[in-house]
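Report on the following structure.
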Amino acid sequence: MTKQLASRRAVLLLALTFAALVVLAASVRYGAVEFSATDIGRALSSLLPGRPEPTLDQRIFLELRLPRAVLCLLVGASLGAGGALMQALFRNPIVEPGLVGTSSGAAFGSALFFVLGPALRLEPGLWTLPVAACLGGVASTCLVFLLARSREDGRAPIVMLLLTGLAVNALFMSAIGFLSYVARDPQARSITFWSLGTLSGANWRAVEAVAVSTIGGTLVALRCAKQLDALMIGEEEATYLGVNVNRLKWVVLSVNVVVVAVATAFTGVISFVGLVVPHILRMTGGADNRFLILGSALAGATLLSLADLVARLALRPAELPIGIVTSAVGVPVFLLLLRRRRYVF
Amino acid sequence: MLEASDITFRVGGRALISDVSIKFAPGRLHLVVGPNGAGKSTLVKLLARLLRPQSGRVEYDGADVSRASEADLARRRAVLSQAVEIAFPLTAREVVMMGRHPHFGSRPGPADETVADEMMEHFDVAQFAGRDYRTLSGGERQRVNFARVMAQLWRAGRGPACRYLFLDEPLTFLDIRHQIAFMKKVRAFADESDVVTVGVLHDLNLAARFADRLVLLDRGRVAAEGTPAEVLTAARIREVFGVEPTFLPAGPSGFHLVFD
């Protein structure tokens, strides 16, 4: 019985790895410009020492298409893994990684940057926008924690975190609404595009930053998987099994904040991936957290790359904000999952 | 040996437990009884170190338990709570295996697998191994949790240190047949010479039948302690519970209580 479940999980993880690679191949090939396998091979080999300078097409591939495809995988992985972590921590299957205010805070940070940046003579350089978003994400998460902390013993009960997170998210969303209302057109359009999520600003620096946070965060998360398993049967029971629940909360939330804020910083707010992906995996392979974290990272990467492909191809040569695609696909899938009788809450 | 000396626990200025000093010997079944709000669950949580007293101390085998590491404590102390709710699709076998968490690193070893299987067999839940925990009835769930707690305390042979089993109103969701079967299994485990067992029970008749020692708790203090016959006198029941008892001579404990 248990053996069956373990081997089903192994098969699922293998299949997801394969799917991620296939989608990666498709997303470097298709877009506003199509690249054949030979084009891709030539572009890649132009990087080798002693080859002639790459042509314009090859540079488009190397400096725009490839980093975008890789960034998409990484951001999808961080949203998926973040979702799995937060659902395990909150012991609730309908929780999103942005729940404790991280992504709305990051969106607010960047909206503020779009509006105030020109006045403060801040150039929208490679790092300034991501830094503003990261600061916003960390600040809003800290705000949620300060407000959720109990005055008596300084602990932050899960229910308080959930409700405070909801309230703070609403607050930041209204602040973003206000900013985009008062902003003039180019900024207002940037805010809109960014709060719907976009990968059009992808470059290798972004890939480096997101790779560090995603891979580092996932490794720390995997080390917490066994403790998160114990947490599924309750905070008290986990304590009796030797888990320091307060320390676990801090580690997992810090990982989630860093991973989500860094991803949001480069791509904007992308919803529903972190909510739906762990859900689907849990239905197919059970609730083991090691499996869920790894599987959600792989499935998140695959799904977000697919969504980006749709976002690039649907209105070619123009492109859609990716958040529109993830919500448009994610919401019906989520509703369908909710209505399946097998999956009871 | 489990010993609490002068423990006091307050929440918001109100003492839930005040100056309780009490000893629990291994090889005996100790049951705590008392009216609602007497502090029974709080006492068990203090003894199991889920809560820490503001003053006084709790000792396991003569050593202050507040200094024990989480991992060490988890290998010799287990608690069966009233009801365990799970929001995720875990199989009954996975829940039982959690009891072995303190004993293995990242993956269970063959010994852990054997213990989990044996405990499921012993508590008559082996047939639910692959079932989703959430689809089990309240009584079936409680048996799965009992198997988990016993898997946590299982060890090969006698160790030098005692093992500590706490039960916090474990019978709430069990029908009468499973209540009796459950108490018999607790009884058998409590008889082991290296096991200290402390439980909270509401039913005075069940408590009187199965306990070696009863502790009567009233408003955070120990009102009486001793054998069931010593503790459960008509005067005390009247005073502490506010009901009029009648003692009928019957059953394994020698008397059966009827209340009015």
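Size descriptors for the protein assembly as shown: radius of gyration and Dmax over Cα atoms are 29.3, 104 Å.
For the protein assembly as shown, the Cβ-based charge dipole about the Cα centre amounts to some 700 debye (Lys, Arg positive; Asp, Glu negative; other atoms uncharged).
Computed from phi, the 3J(HN,Hα) profile of the range B:68-79 under the Karplus parametrisation 6.51, -1.76, 1.60 (θ = phi - 60°) reads 5, 6, 4, 5, 5, 4, 5, 7, 10, 10, 9, 10 Hz, with x in place of Gly and Pro.
Rounded to the nearest 20 debye, the dipole magnitude of the range A:1-119 is 500 debye, with +1 charges on Lys and Arg beta carbons, -1 on Asp and Glu beta carbons, and the Cα centre as origin. Peptide B:82-90 is shielded by partner chain Cβ atoms: per residue, an average of 6 of them sit within 10 Å of its Cβ.
When exposed loop sites are taken as trypsin sites (Lys or Arg not before Pro) in a DSSP loop with at most 10 other Cβ atoms within 10 Å, the longest stretch of chain A clear of them is A:185-339.
Can you give the % of DSSP beta bridges in the protein assembly as shown that are antiparallel, to the nearest 5? It would help to have the intermediate numbers written out before the result.
Details: 24 of 42 bridges.
Just about 55 percent of them are antiparallel.
Partner shielding of B:71-77 amounts to 3, given as the average count of beta-carbon atoms from other chains within 10 Å of each residue beta-carbon. Scaled against 2.2 N^0.38 Å for its residue count N, the alpha carbon radius of gyration of the range B:39-106 is 1.32.
Name the longest site-free stretch of chain B, where the excluded sites are trypsin sites (Lys or Arg not before Pro) in a DSSP loop with no more than 14 other beta-carbon atoms within 10 Å. The longest uninterrupted stretch comes out as B:1-154.
Taking the convex hull of the Cα atoms, report for the range A:160-286 its projected area averaged over all directions, in nm². Numbers along the way, then the final one.
On the way: hull surface 39.4 nm².
The number I arrive at for the range A:160-286 is 9.8 nm².
Near A:R223: Cβ cut-off under 14 Å, other residues only, Lys/Arg at +1 and Asp/Glu at -1. The net charge is +3.
Nearest 5 is fine: what % of DSSP beta bridges in chain B come out antiparallel, could you say?
Values: 24 of 42 bridges.
For chain B, the DSSP antiparallel bridge percentage is about 55.
Taking a Cβ cut-off of under 15 Å around B:W154, the surrounding Lys, Arg, Asp and Glu residues balance to a net charge of +2, with basic ones at +1 and acidic ones at -1.
Computed 3J(HN,Hα) for the range B:221-238, one whole-Hz value per residue from the Karplus formula 6.51 cos²θ - 1.76 cosθ + 1.60 where θ = phi - 60°, is 10, 7, 7, 6, 8, x, 5, x, 5, 5, 7, 8, 9, 4, 4, 5, 4, 4, glycine and proline marked x. Comparing B:G39, B:G109, B:G226 in a Gaussian network model of chain B, where Cα atoms under 10 Å apart are tied by springs, the biggest mean-square fluctuation is seen for B:G109.
Charged side chains reduced to their Cβ positions (Lys and Arg at +1, Asp and Glu at -1) give chain A a dipole of some 620 debye around its Cα centre.
Taking Cβ atoms as reference points and 10 Å as the exclusive limit, the residues near B:P245 contribute a net charge of 0, counting Lys and Arg as +1 and Asp and Glu as -1.
Shielding of B:93-99 by partners, i.e. mean partner chain Cβ atoms within 10 Å per residue? Before the final figure, lay out the partial values.
Values: counts 3, 8, 3, 0, 2, 8, 4.
Other-chain Cβ atoms within 10 Å of each residue's Cβ, averaged: 4.
All of the numbers you see were taken from the coordinates with simple rules; none came from a lab. Keep in mind it's a predicted model, so treat the numbers as computed, not measured. FYI the Cβ positions are ideal-geometry reconstructions off the backbone, even for glycines, and counts take in every protein chain you see.
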